[in-house]
Protein chains: 4
Amino acid sequence: MPLARGRQFLAIPGPTNVPLRILQALDRPPMDFTSPEFADVAEEVQMGLRRVFKTEHDIFIWASTGHGAWEAAIANFYSPDEKVLICETGAFSEWWLEMAGLFGLDAEYLPGDWRMGIDPAALEARLRADTGHEIKGIGIVHNETSTGLCNDLAALRKAIDAAGHPALLMVDTISSLGSMDFRMDEWGCDVVVGGSQKGLMQHTGLGLLGVSPKALARAENATGPRRYWDIRRSLQMPFHMRNPGTAPAHFFYGLKEAIKFLEEETLDGVFARHARLAEAVRRAVAEWSKGGAIDFYVKNADRRSNSVTAVEITGPVDSDAFRFACRDDFNVMLGGGLLQLGGKLFRIGHLGDLNEPMVWGTLAAIEATLKRKGVPHGPGGVDAAIAYLAG
Amino acid sequence: MPLARGRQFLAIPGPTNVPLRILQALDRPPMDFTSPEFADVAEEVQMGLRRVFKTEHDIFIWASTGHGAWEAAIANFYSPDEKVLICETGAFSEWWLEMAGLFGLDAEYLPGDWRMGIDPAALEARLRADTGHEIKGIGIVHNETSTGLCNDLAALRKAIDAAGHPALLMVDTISSLGSMDFRMDEWGCDVVVGGSQKGLMQHTGLGLLGVSPKALARAENATGPRRYWDIRRSLQMPFHMRNPGTAPAHFFYGLKEAIKFLEEETLDGVFARHARLAEAVRRAVAEWSKGGAIDFYVKNADRRSNSVTAVEITGPVDSDAFRFACRDDFNVMLGGGLLQLGGKLFRIGHLGDLNEPMVWGTLAAIEATLKRKGVPHGPGGVDAAIAYLAG
Amino acid sequence: MPLARGRQFLAIPGPTNVPLRILQALDRPPMDFTSPEFADVAEEVQMGLRRVFKTEHDIFIWASTGHGAWEAAIANFYSPDEKVLICETGAFSEWWLEMAGLFGLDAEYLPGDWRMGIDPAALEARLRADTGHEIKGIGIVHNETSTGLCNDLAALRKAIDAAGHPALLMVDTISSLGSMDFRMDEWGCDVVVGGSQKGLMQHTGLGLLGVSPKALARAENATGPRRYWDIRRSLQMPFHMRNPGTAPAHFFYGLKEAIKFLEEETLDGVFARHARLAEAVRRAVAEWSKGGAIDFYVKNADRRSNSVTAVEITGPVDSDAFRFACRDDFNVMLGGGLLQLGGKLFRIGHLGDLNEPMVWGTLAAIEATLKRKGVPHGPGGVDAAIAYLAG
Amino acid sequence: MPLARGRQFLAIPGPTNVPLRILQALDRPPMDFTSPEFADVAEEVQMGLRRVFKTEHDIFIWASTGHGAWEAAIANFYSPDEKVLICETGAFSEWWLEMAGLFGLDAEYLPGDWRMGIDPAALEARLRADTGHEIKGIGIVHNETSTGLCNDLAALRKAIDAAGHPALLMVDTISSLGSMDFRMDEWGCDVVVGGSQKGLMQHTGLGLLGVSPKALARAENATGPRRYWDIRRSLQMPFHMRNPGTAPAHFFYGLKEAIKFLEEETLDGVFARHARLAEAVRRAVAEWSKGGAIDFYVKNADRRSNSVTAVEITGPVDSDAFRFACRDDFNVMLGGGLLQLGGKLFRIGHLGDLNEPMVWGTLAAIEATLKRKGVPHGPGGVDAAIAYLAG
């Protein structure tokens, strides 16, 4: 490994940039998680998360990764052989589909174009066809981290309503929550999967699950085995005791500070900042794309994500060689391609506690690596990002 | 809440006292968990944990609490309706038994006396009676945190061998690992459950599972649904990618430092220190017990734990009122009684990064609270602890 | 060095115990010390320090140790050959006297008994004899750290007033400020020396100087060379620019948090806590002193300090061997004897962010070391401290 | 103040960017500064600083700012009325000259052009004229922080030698040490002033002074008053007790880590990195300068500093309005003009733990501010910096 100097630019799509004050909130000696002090913090976090999820309902919290929250979404609400429909969006929809199958559900994939996003009409058509309402849950990745595509949840909700379908709407918001607009209650989301390490600016290690009353009712009757993820059991406990076993207390202090951090700026302010910085990234990519070897992976320009941009690279190096050069030469970390996209694209994460010079520094490192590696690209990418944010 | 001043004395049986250098190792900004740097750390941690577990086999690591590692122990190795035998020891054996049942196993409880520990003869007798070897796994809590009793694993292993029984030996070492002697391979343990927040001196949030080749073979054929906990899948990945989803990287840096911390002192040195400090606690309790209202919960003096001591209190206050007074008056946190022991005992945790004055300060706070609350007790508890450790 | 385990008990009379929240306030990356953000913090600190000093006048702050603030007290207010009277109290009065001489002042020592404290009558007599008011300044160590004796400043002020003497009253409050009552304006103090590392709970590295208008007037005309310590120059600058050169910004964030910490408890509450904990220490020493080899250094019981207790030890080991044993065996740090007291006494610091179990742990470590080293001592020292604080 | 989000880019010429590992070394609870542990650290730091200064002689360390180290350089080696020659370079030479005068020295200013640097011939001529060797010391600012000009010390030494003049050579290396080549012994420097907060990557609060045997000999006979800064006294103490009063221990742990950090990269590697990054900054400024309103302050291109670049701005905004916009809009902090340069230039600090994307982000923020404020400037500044560092 080359000797790294200077601050690392973490431009992967999560875990993401964490401000010092949140790191300090996380950095505390272990404490008595049964104390009234912790009970207060746990309640504050619960109430704050509801504001971030834009819901009046319960949020469940586990020591787990986001995959754990997915598993909680599968294990709590369905009995074996019940049908769920997972909408194809990319690597994360693939894995969620697979997980549903492993839990014995009849997991159907609604085909979709990874570069275009979920088609509301296709969803509506499939649901209309399900006249017997065999589909019990619909799984949608709000912001597909592997492709940088943000689906239009409001439109998808409308499609479900248009079909008059009663299935639970399950949404993975892992890379959108706290970075892009999400409205659990208004958009009729029943089961909402979140994680700690992206817009909430924590270490990796917490899974979150928002649950509507409609979903809760199903949880009472679902028959699959579960204990760690069982929300029925958690509901009987006060907020600070809902986690199975010892509470991962440091995360609660971190979340409390993160919620304060977000609300100081207002959620709308946070979303606007992410939108501006993402647009600057897109302006750069648009210039580079004029050289032939670089392009947006997502073709549907309206649905390009404000938290991550996937950039296709067609030579003369593969995307991993490109990323590693950027890392080794400039201490800038980019995300790679997942599954069949391995080696074909790199992903620029632009979420969390981010500002203009962090984005410019990242883009400049990419531009310098394009030069070093001889990747054909249009000039002026960084210039365009400067011009946009100066405007 | 009264205003707390001075350092909190965390005398609960976990999470436990963490030295600054481990806290600092944990306190780092998020990083790229797919990088070669993290791969190196993950491999170091894997190899170090094997030395701590005293095994040559794989240790699996999850973002979870210890309950998650229990669930991994249940979910990976058994198919529905298979029989497991859980040995009764206290609250944690109850919960493990319940979990096995919830996963559809035929979970049998081997009755045991919470104050005496598991009787090797009783275990041997039950296993001899299982002539058809229907019992596929035996679950033992090494150190029962709820009672402060450490079972004699070597003797229990001998009992299993004497019965010639092939069942997997599952051991919960959550509150013994890194504090008291444990030898996975020598004692023929097949599935070993551990957590981050006790002898390993981390925040809460990691579950660990040591797995023998014999257990691994069963995992191939077990049919229960699992994805998050599935070790088969993890085994196909390099060490730093074995966790489902994003790796909780900060914990790996913490663990690396913890292993170094333990090995500087040597594991035997760590165990000897815990034994000495625990004996000092016991000397104090022995004096207090002469007053009538205070006593050891564990009657089998040979099996009193070196990481936690449970103290029965029979009036004039219940154990929770006692604990809260100690907390509010002196900023010393004690553990409470669990399940049917609620209100009847308090538990003194004495594990992790602990030294003599920390123990004395804790004991003095208890003695002062005994005085304040008018709990009849023999005098000289702290004096006895001083005399012992001065010797 | 033996391998230290567990938290260090820092029972030296400064630097002292710092709570995590102050350590975290200190732990920040460097920042622009000319920014409005820092200007706000510097002003808050100035106003808060005035409340802690109980003054309406300016406090000057240097990157320096307490010795630097002493030097500022000498360099700013006197011209060469002017007379100052330093009251003998112990090692710190010796050093201050020497410093005054090195700066060319006519430094007179008012003899005093280190074990009894400054006699107000002797001070009054000396000042009455100075009919020509040649004495321009009187230097008093409020709390003599080397002996653990706190002089009665109100009585000494009365003595000066009774003599009708106009000299500046210079007071060293390094080990009293923020731990014991001190009232700059009410007690007519003109030049007040403080430091960061004791009651203000910071790292070592800041010298403080409170200055009355009367002292300020003298500063205008004093002719000695000075630049770093020159308060005239500082006065022309806004608060955040008063330090010569770059501001040591991290300390200002630490001080801001420390002032908040003190004011949450109220200064009176802080003083009462120190008084209680100091009395517990004295109860223990009183018991130990019954054995013959241990005694209070300060004979004037009314003037024993609430921030530090000096304990004389007359064998069979010298006080340094005793201290080092306590440090190496139990990770408890005690202060040693200074100047002619070297090897003859150890000092127990009991100031800063301190609570009962920290005191008990320290006392128990001392008691255990008394046993180990065979120092004759009365039994029951820790018991007495427990009984007192339980009452 | 606008709400700051994302990491602050600290592009002032000190205090500077500090890596996490050094911040963590600084972040420790107070400890016993008389302990053998601290003695070891203090000795390691002493020996390491000698390697950084490239000297075999003593380095003295104070709790002070860099101004304190200047004062130590003045107070220790000269008696009142002795002549010293300070070479004019900018704001810092002005202040040093003033300080010498305030200490009663006969302080002569060797006139120099702030934009060209000290002329070795002029120095030689002045020294040749001093046939009586009345000049006892020559003060040179190695790297003038206020202008971004690095004087050619080797050439200046040669000039002194050519004149055969025996005066002490005093050098201020505050903003060069640890960033640009400096060789105390080889270049015959007698008194070397340094500070903690620039190339040594610490908080502000330590002054350093390297002293040659020749200077030490003068210190024995200098008659000015001094105590805090007195190196004669320090020399009698072991390294960890050399600081007057309580040692600022946290800084020693920070310095130990900083020295390790520098030596991992090698000093030559550190200097080369600074040179590359500085050249990138200069490439950008060179492009901007084509627009008419922006220019290098330093006209002598060979002497432009590798730690700070001063940029003249001639409208339509003054340099402070420019800096504040850059700070408020982009969280990038630039340095301002000092003394008569106030409002006329901004300074880009590029030293400490710095890498390419940090530089690019800073330059992009400047370029965006040039656009926002309508400052005429040539395009392509950031592009040029990217192209240079990609090369």
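Miscellaneous remarks
- Single residue of B:Tyr228, B:Tyr297 found to be within 14 Å of another protein chain (Cβ to nearest Cβ) and of a type in the set (Ser, Thr, Tyr): B:Tyr228
- Being touching a helix residue (DSSP H, G or I) at 6+ places or on another chain (Cβ under 7 Å) and either at pLDDT below 95 or within 14 Å of another protein chain (Cβ to nearest Cβ) (or both) is a property that does not hold for B:Ala215.
Matching residues to (1) touching an Asp or Glu at 6+ places or on another chain (Cβ under 9 Å); (2) farther than 30 Å from A:Glu263 by Cα; (3) open to solvent by 10 Å² or more (accessible area, probe 1.4 Å):
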| residue | (1), (2), (3) |
| --- | --- |
| A:Ala275 | no, no, yes |
| A:Asp295 | yes, yes, yes |
| A:Lys371 | no, yes, yes |
| A:His377 | yes, yes, yes |
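- Assessment of segment B:274-285 against the conditions (under 18 Å from the mean Cα position of the chain (by Cα), small (Gly, Ala, Ser) and part of a helix (DSSP H, G or I)) yields at least one matching residue.
- Single residue of segment B:127-138 satisfying the filter (open to solvent by less than 40 Å² (accessible area, probe 1.4 Å) and in a strand (DSSP E or B)) that is nearest to B:Gly148 (Cα to Cα): B:Ile138
- Filter result for B:Thr314 (of a type in the set (Val, Ile, Thr) and open to solvent by 10 Å² or more (accessible area, probe 1.4 Å)): yes
- Among the residues listed as D:Ala75, D:Ala42, D:Ala69, D:Ala63, the single one being more than 30 Å from D:Leu102 (Cα to Cα) and either open to solvent by less than 10 Å² (accessible area, probe 1.4 Å) or more than 14 Å from chain C (Cβ to nearest Cβ) (or both): D:Ala42
- Taking segment D:189-198 as the range and being within 13 Å of chain C (Cβ to nearest Cβ) and in a loop (DSSP other than H, G, I, E, B) as the test, the residues that pass are D:Ser196, D:Gln197, D:Lys198.
- Of the helices (runs of 4 or more DSSP H) lying entirely inside segment C:206-266, those containing at least 3 residues that are touching a Pro at 6+ places or on another chain (Cβ under 9 Å) span C:249-265.
- No other residue among C:Val285, C:Val281 is open to solvent by less than 10 Å² (accessible area, probe 1.4 Å), away from every other protein chain (no Cβ under 14 Å) and modelled with pLDDT of 95 or more apart from C:Val285.
- Residue within segment D:243-250 that is at positive phi, open to solvent by 10 Å² or more (accessible area, probe 1.4 Å) and touching a His at 6+ places or on another chain (Cβ under 9 Å) present: yes
- Residue within segment B:330-353 that is within 16 Å of B:Leu370 (Cβ to Cβ), facing chain C (nearest Cβ under 9 Å) and either within 19 Å of the chain's Cα centre (by Cα) or not basic (Lys, Arg) (or both) present: yes
- All positions within segment C:204-225 that are farther than 30 Å from D:Pro30 by Cβ and in contact with a Lys or Arg (Cβ under 9 Å, 6 or more places away or on another chain): C:Leu216, C:Arg218, C:Ala219, C:Glu220
- Flag for D:Leu156 being outside any helix (DSSP H, G or I), under 15 Å from D:Ile86 (Cα atoms) and of a type outside the set (S, T, N, Q): no
- For beta carbons closer than 8 Å, sequence separation of 6+ or different chains, a first residue in segment D:298-316 that is under 21 Å from D:His377 (Cα atoms) and of a type in the set (D, E, K, R) and a second that is in a loop (DSSP other than H, G, I, E, B) and open to solvent by 40 Å² or more (accessible area, probe 1.4 Å), the qualifying pairs are D:Lys299/D:Arg115; D:Lys299/D:Met116; D:Glu312/D:Lys344.
- A:Gly245, sole failed condition from (1) under 17 Å from A:Gln46 (Cβ atoms); (2) within 14 Å of chain B (Cβ to nearest Cβ): (1)
- Criterion applied to D:Glu186, D:Glu124 was being open to solvent by 10 Å² or more (accessible area, probe 1.4 Å) and either within 17 Å of D:Glu88 (Cβ to Cβ) or not in a loop (DSSP other than H, G, I, E, B) (or both), and the one residue passing it is D:Glu124.
- Of the listed requirements (1) at pLDDT 95 or above; (2) out of contact with any strand residue (DSSP E or B) (no Cβ under 9 Å at 6 or more places or on another chain); (3) under 20 Å from A:Ala39 (Cβ atoms), B:Leu26 misses just one: (3).
- Condition check for A:Ala321: over 13 Å from A:Pro13 (Cβ atoms), facing chain D (nearest Cβ under 8 Å), of a type in the set (Gly, Ala, Ser) and in contact (Cβ under 8 Å) with a residue 12 or more places away in the chain: no
- Segment B:361-383 - residue that is within 7 Å of chain C (Cβ to nearest Cβ) and touching a residue at least 60 places away in the same chain (Cβ under 8 Å) and, of those, farthest from the chain's Cα centre (by Cα): B:Asp383
- Residues of segment C:251-268 that are more than 14 Å from chain B (Cβ to nearest Cβ) and not acidic (Asp, Glu): C:Phe251, C:Phe252, C:Tyr253, C:Gly254, C:Leu255, C:Lys256, C:Ile259.
- The number of residues in segment D:191-219 being touching a Ser or Thr at 6+ places or on another chain (Cβ under 8 Å) and basic (Lys, Arg) comes to 1.
- Applying the criterion of being farther than 30 Å from B:Val270 by Cβ and among the aromatic types (Phe, Trp, Tyr) to the residues of segment C:1-39, the residue that is nearest to the other protein chains (Cβ to nearest Cβ) is C:Phe33.
The values are calculated or read from the model by the stated rules, or taken from the named source; none is laboratory data. Quantities reported herein were computed from a predicted structural model and do not represent experimental measurements. Note: ideal-geometry Cβ built from the backbone for every residue, glycine included; neighbour counts use all protein chains shown. Surface areas here come from the heavy atoms of the whole protein model, side chains and all, with no ligands, DNA or RNA. Shrake-Rupley method; radii C 1.70, N 1.55, O 1.52, S 1.80 Å.
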